[in-house]
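Read the structure below first, then the notes.
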Amino acid sequence: MNSSNNTNFTRVEEAGNVWLAQAAAQDLELTDHGITPTVLDTEAEVGEAMLNELFETANAKDGDINIALLGGRGAQALHRLLGELAKSSEHDELLGRLNVFTQDALAPIGMANGFSFVRDFERILGPDFFKKIKSFTPMQTDTADLEAGLIAYLNKLEALGGLDIFFIGHGPEANQASHLAYIKPFSGAKSNHVAGVIPISSSILEHHISKFKAGGSAVNEQDEAECRAAQYILTLGPAAILQAKKVVQSVVDADTAPAKVQTYAKVLNTRLSSDREEALQQLNANPGLWIRLHSNTKSFVLSNLGL
């Protein structure tokens, strides 16, 4: 992986992880706003709640709406609803305002690989959605210079004014920790890091591959071999979360990922220290806590989290 020079960003290496920070950005204030989860009965209701957040944002502002799509199970109900909307003309005005971004990706991997989130988004959202939205910007995973590709992505996001909605999940990690996007425990992520390139582990690859197979993705042996050769995860960082105008979290799969019962509870019940250095240590050990620092967060969950 080659390094890239770009005056808009500073490059920091932390324990083998590369983080990009906006060169002019100051460290953001760390104020713990807590989380108040909304417990819903079904995954379909979670999807509808997420769609209503999009409608609210559309009604509250003029012009483009910039969103980061959530991969995996968490937002599939939302994506099916958006795909249905795109089949009629009723919401074409809204769809035509959407600039859609992905939030993480395995790399290097061909953009056509069946194990990429892009292919999964296309499968569930459907062709009409992609024809009607204003733009779709995935993280480039098939370039010789991953950092340069990530910087081009970040420059576009910044030029459009940043995210109006960051749709986000909650991933379990060892020791009852968790990740957001793919900000991993002890990866050195700071509040001014807008994106990163993180070395991948074999356990993440196994989880990713099994998740895609269980989800019904159209994949083959060649795709799987290429996926298993991936070396990095590209991910948006804490600054992208904290600078988004709204964060909408969904957690729907505790039945198949039971570790989320403990890891979500830990994020819910852990107060961040008022001492900045201690708080940063807490966030580094358990990046799921970053969501507590956003003042406009919705967290839609199912009762299988045991709340």
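The fraction of accessible area contributed by carbon and sulfur in the range 142-209 is 56 percent, rounded to a whole number (1.4 Å probe; ligands and nucleic acids excluded). Rolling a 1.4 Å probe over the protein heavy atoms leaves THR57 with an accessible area of roughly 20 Å².
Among residues other than THR137 whose Cβ falls under 13 Å from its Cβ, what is the net charge (Lys/Arg +1, Asp/Glu -1)? Walk me through the intermediate numbers first.
Working: positive: LYS134, LYS156; negative: ASP64, GLU158.
Here the count lands on 0.
Per-residue ellipticity at 222 nm from helix content only, as computed over the chain with -39500 (n - 2.57) for each DSSP H run of at least four residues, stands at -10500 deg cm²/dmol. Taken about its Cα centre, the chain carries a charge dipole of about 120 debye when Lys and Arg each add +1 at the Cβ and Asp and Glu each add -1 at the Cβ.
Each of GLU45, GLU29 has its accessible area taken with a 1.4 Å probe; listed largest first, they run GLU29, GLU45. Extension gain, ARG228 to ASN59: 0.36 nm times the residue separation minus the Cα-Cα distance gives 56.5 nm.
Nearest 20 debye, what's the magnitude of the dipole of the range 200-296 about its Cα centre given +1 on Lys and Arg Cβ and -1 on Asp and Glu Cβ?
With only Lys, Arg, Asp and Glu charged at Cβ, the dipole is about 500 debye.
Any idea what the relative contact order of the chain is, in percent, if you count C-alpha pairs under 8 Å spaced at least 6 apart? Relative contact order for the chain comes out at 28 percent. The fraction of accessible area contributed by carbon and sulfur in the range 4-141 is 47 percent, rounded to a whole number (1.4 Å probe; ligands and nucleic acids excluded).
Accessible surface computed residue by residue for the chain, with neighbouring protein chains in place and a 1.4 Å probe, gives 42 Å² per residue.
Taking label points 7 Å from Cα along the Cα-to-Cβ direction, SER303 and LYS213 give a separation of 3.3 nm. Separation of the alpha carbons by more than 32 angstrom is noted, of LYS132/LYS211; LYS87/LYS260; LYS131/LYS213; LYS131/LYS211; LYS245/LYS266; LYS134/LYS298, for LYS87/LYS260. Near SER187: Cβ cut-off under 13 Å, other residues only, Lys/Arg at +1 and Asp/Glu at -1. The net charge is -2. With both residues required to sit in the chain, DSSP beta bridges show an antiparallel share near 50%.
For the range 211-278, the square roots of the Cα gyration tensor eigenvalues, ordered a ≥ b ≥ c, give a/c of at least 1.5 with a/b greater than b/c, which places it in the prolate category. Could you let me know the centre-to-centre spacing of the range 239-273 and the range 45-61, using Cα atoms, in angstrom? Between the Cα centre of the range 239-273 and that of the range 45-61, the gap is 19 Å. Count the net charge of all other residues whose Cβ sits under 14 Å from the Cβ of GLU48, scoring Lys and Arg as +1 and Asp and Glu as -1. With Lys, Arg at +1 and Asp, Glu at -1, the neighbours total -4. Taking all protein chains as shown and a probe of 1.4 angstrom, VAL219 keeps an accessible surface of around 50 Å².
To the nearest 0.05, what FRET efficiency results for ASP275 and ALA15 with a Förster distance of 25 Å applied to their C-beta separation?
On the way: r = 22 Å, r/R0 = 0.90.
FRET efficiency, ASP275 to ALA15: 0.65.
The values are calculated or read from the model by the stated rules, or taken from the named source; none is laboratory data. This is a predicted model, so every value here is computed, not measured. Methodologically, a virtual Cβ is constructed for each residue, glycine included, from the backbone with ideal geometry; neighbour enumeration extends over all protein chains shown. What goes into the accessible areas is simple: the full protein's heavy atoms, side chains included, and nothing from ligands, DNA or RNA. Shrake-Rupley method; radii C 1.70, N 1.55, O 1.52, S 1.80 Å.
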